[in-house]
Amino acid sequence: MTTVKAAIGEASALALDASDPMARWRDRFVVPTGADGRPKAYLAGMSLGAQPVGAREAVEAVLDAWGRLGVDGWFAPGGGWLEADGAVRETTARIVGAHPAEIATLNTLTINLHLAMAAFFRPAGRRTAILIDAPTFPSDRYAVESQLRHHGLDPAVDLVVVGPRSGEATVRVEDLEGAIHEHRERLALALLAGVNYATGQLHDIERLTAAVHDVGAVAGWDLAHAAGNVPLAIHDAGVDFAAWCTYKYLNSGPGALGQLFVHERHADAMAARRLTGWWGNDESTRFEMADTIDPAPGAAGWRISTPPILSLAPIGVSMAMFDAVGMTALRERSVSITAYLEMAIDSLVPDAEIITPRDPTARGSQLSIRLPHAQARLAAIEALDVSADFREPDIVRMAPVPMYVSYHDAWRAARALADTGPDTTAQRSPG
Ligand SMILES: Cc1ncc(COP(=O)(O)O)c(C=O)c1O
């Protein structure tokens, strides 16, 4: 599907929706509504994905099984909780381009980054530094700084931060490669964002992983904004570990469980140096309650605690939707609808500066828009039933997530930004 500049306008947005079979997927979501009951244009999926219709039923089914079966829910048909965290492995593997055995569903994102670093970040000799890209999500920065301090290191010395050049919004891949090379002898780990939370920039994971490996360091990826947003191939890229949440593009609910990828070349080999708990014991022997752990093979061995079954329930529903649509079709619509939003903003909101890369291959379905009075403008568009969010200092983020955002929603979002601008009267368009 292609969109053209001349198509910007309410009628053409509606026509694009009418001609796209994927538009009907919106009906499978509970989309937040405004005061008059009209569905919002929900472009906040980079923060919290919309609720799949089946999520409520899935949670209620767990409550029901708990009530009926009690502890037997772990084993009995109708419960089956023992395998619940493994049930989404296959679909997740398809979404991120991994082998099912490399995936575990556990904890939440920052915790999983810490667990991965506990095994993978072993500063030794001169190799003590961690490299991150900027702008960095605060939790990632706090996590790596605390890991450095945990090893008695000083972040002022051992944290390498590579950000955009002065006057630029996004970081250049050659600058990341340059820094990796410059610090080649002291780099232990690079922890990079697949899609940057603030700018929406998609990094070349394969290229940067290779650069990190070339200097003998570990390549870890935070895929919070990439998983379910863009097609990934993290196994083939040779990524050492990756972690992400399921509450953004994976639509699994506020604070839903995170997921961890550990490449098959490490998953078992690192059994002796990772932090462990009984849920990492092989299922067949877990309840023998032995003093010595019998590790589950692959990433499953990285699990630690009893999984929260209520929190797992919506993940299964959401993952099934990804299987039904497929990342290829999702990506195709994502590219088209993001381009449509971009064109609508360009033509309707003259004081907006889109800082997300203009190249569709260098972004997912998020546009970060630098605006005068951004925070006030966000409040104003919220009043017009458009959900987006604000990031310091002057950025409004909008994600036209292809499963539940329509072209008409994208048009509404751009139109609202135009209508709430400081001097918009002259720019109003008929659409
Ligand atoms: C890039 C990134 N890293 C880390 C986090 C923190 O995730 P959690 O609170 O689940 O640990 C987020 C949350 O939005 C994020 O976007």
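Scanning region 241-281 for residues that are farther than 17 Å from Arg303 by Cβ and open to solvent by less than 10 Å² (accessible area, probe 1.4 Å) yields Tyr249, Leu250, Asn251, Ser252. None of Ala211, Ala190, Ala219, Ala237 is over 13 Å from the mean Cα position of the chain (by Cα), within 16 Å of the ligand (Cβ to nearest atom) and over 30 Å from Ala55 (Cβ atoms) except Ala190. Annotation note: Cβ proximity below 8 Å between a residue of region 102-131 that is closer than 28 Å to Leu257 by Cβ and among the aromatic types (Phe, Trp, Tyr) and a residue that is in a loop (DSSP other than H, G, I, E, B) and modelled with pLDDT of 95 or more (sequence gap 6+ or interchain) occurs for Phe120/Asp240; Phe121/His151.
Identify, from the list Glu90, Glu57, the residue that is among the acidic types (Asp, Glu) and under 20 Å from the mean Cα position of the chain (by Cα). Give the derivation first.
Numbers: Glu57 fails: under 20 Å from the mean Cα position of the chain (by Cα).
Exactly one residue qualifies, and that residue is Glu90.
For Trp244, indicate whether it is within 16 Å of the ligand (Cβ to nearest atom), closer than 30 Å to Val53 by Cα and among the aromatic types (Phe, Trp, Tyr). Give the derivation first.
Working: within 16 Å of the ligand (Cβ to nearest atom): yes; closer than 30 Å to Val53 by Cα: yes; among the aromatic types (Phe, Trp, Tyr): yes.
Spelling it out, Trp244 is indeed within 16 Å of the ligand (Cβ to nearest atom), closer than 30 Å to Val53 by Cα and among the aromatic types (Phe, Trp, Tyr).
Here is a yes/no grid of residues against (1) buried (at least 24 other Cβ atoms within 10 Å of the Cβ); (2) touching a Ser or Thr at 6+ places or on another chain (Cβ under 8 Å):
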position	(1), (2)
Ser347	no, yes
Pro360	no, yes
Arg370	no, no
Gln375	no, no
Ile381	yes, yes
Arg391	no, yes
Met403	yes, no
Ala413	yes, no
Thr420	no, no
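Give region 153-169 a look and list any residue that's open to solvent by 30 Å² or more (accessible area, probe 1.4 Å) and within 16 Å of the ligand (Cβ to nearest atom), or say none. Correct list: Val161 only.
Filtered by the rule that a residue be farther than 17 Å from His114 by Cα, over 8 Å from the mean Cα position of the chain (by Cα) and of a type in the set (A, V, I, L, M, F, W, C), region 244-262 gives a lone residue, Ala256. Pairs linking a residue in region 44-66 that is charged (D, E, K, R) to a residue that is within 16 Å of the ligand (Cβ to nearest atom) and open to solvent by less than 40 Å² (accessible area, probe 1.4 Å), with Cβ atoms under 9 Å and 6 or more positions apart or on different chains, are Arg56/Pro314.
The values are calculated or read from the model by the stated rules, or taken from the named source; none is laboratory data. These numbers come from a predicted model, not from an experiment. Glycine also receives a Cβ, built like all others from the backbone with ideal geometry; neighbour counts cover every protein chain displayed. Note: accessible area is taken over every heavy atom of the protein model, side chains too, but ligands, DNA and RNA are not part of it. Shrake-Rupley method; radii C 1.70, N 1.55, O 1.52, S 1.80 Å.
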